[in-house]
Structures are given as structure tokens and as C-alpha cells.
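Here's the structure we're looking at; comments come further down.
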Amino acid sequence: MIKNESGGAINSQTLLYSRQVLIEMMWQNIVEQPWTGIGFGTSTDPAFVYRAGLLSAPTEKGIMPLALLEETGIIGTAFFTLLIVAILAYSVESNNVPGLMGFAGIIGVNLAEANFFSFGGQGGFFWIWVMACFILNDATRTRTT
């Protein structure tokens, strides 16, 4: 059981309530621009538009599948799905268990909080970590053969 600040239990409605407005806004953007999306790291929220600068515009994106559809549309989501399939296929074909586990880890982390494409921040760290996992497998394989 999870407790909130007031000491009461948190139920599923409480957890979803904090994301409901965000989910509804994301879904509306998907419906309005289903094929191409609204662009990476953008939002139609008036508060975002007001604070967005020339070089920095932080957005809150949750639920990776919805974030992908909202930002890149059906076309971008299809390409991203191909990327995921290609990385997974390479991992399985080359028997790269560290790489597969590293990639599965960042997919799992990003399902609930989509920061996959924040290359200058945590997203960049995720990709470096996945590359290190793939290299780790190659380094151990080279050493043992």
C-alpha cells in the first residue's frame, strides 16, 4: 500500500488523476495531427508556449507510446518501431545479452516517463549506457576467444 502526504492510501484513481489532463491534451494533439505529429519536445499547452525560449523548451511527456504519436505522428512512430525491432533483432542475432538487457531497461523506464529523446539530459545518458552494454558484450567475447 502506498501512502500519500496526508497519510491516506493512494488508489489507482489518484495516481491517474495527475496524468489525466496531460493524457487528454496529448490525445487531442494526436487526433488533430495524426500523420506528422506536433514535433519533438513541443507542446500546445499555453504555459509551455509562454515559457518556450529559442534554445530551451522543457516539456512534460508521459507514456511513451502516446508521446511518440503526439510528437512524431504515425509516420515517426512507425520509424521508431522499426528502430526498436532492428536493435532487438541485432541483439538476439548476435547473442548480445548485455545489450539486450540494457535496451530493454531503457524501454521499460521510458514507458511511463518518455525522456528517450532528451539527448542533452537523461535521454543522452540512457543511449550512452545502451552503447556501453553492447560494447561490454563485444569486449567479453573478444577476451574469451
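Each value in this text was obtained by applying a stated rule to the coordinates, not by laboratory testing. As the structure is a computational prediction, the values presented were derived from the model and not from experiment. Neighbour counts run over all protein chains shown; Cβ positions are idealised from the backbone, glycine included.
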*Given H placed 1.01 Å from N in the peptide plane, which residues other than close sequence neighbours of residue 62 have an amide H under 5 Å from its amide H?*
114
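Within the set of other residues whose C-beta is less than 12 Å from the C-beta of residue 31, count the net charge using Lys and Arg as +1 and Asp and Glu as -1.
Once all neighbours under 12 Å are counted, the net charge is -3.
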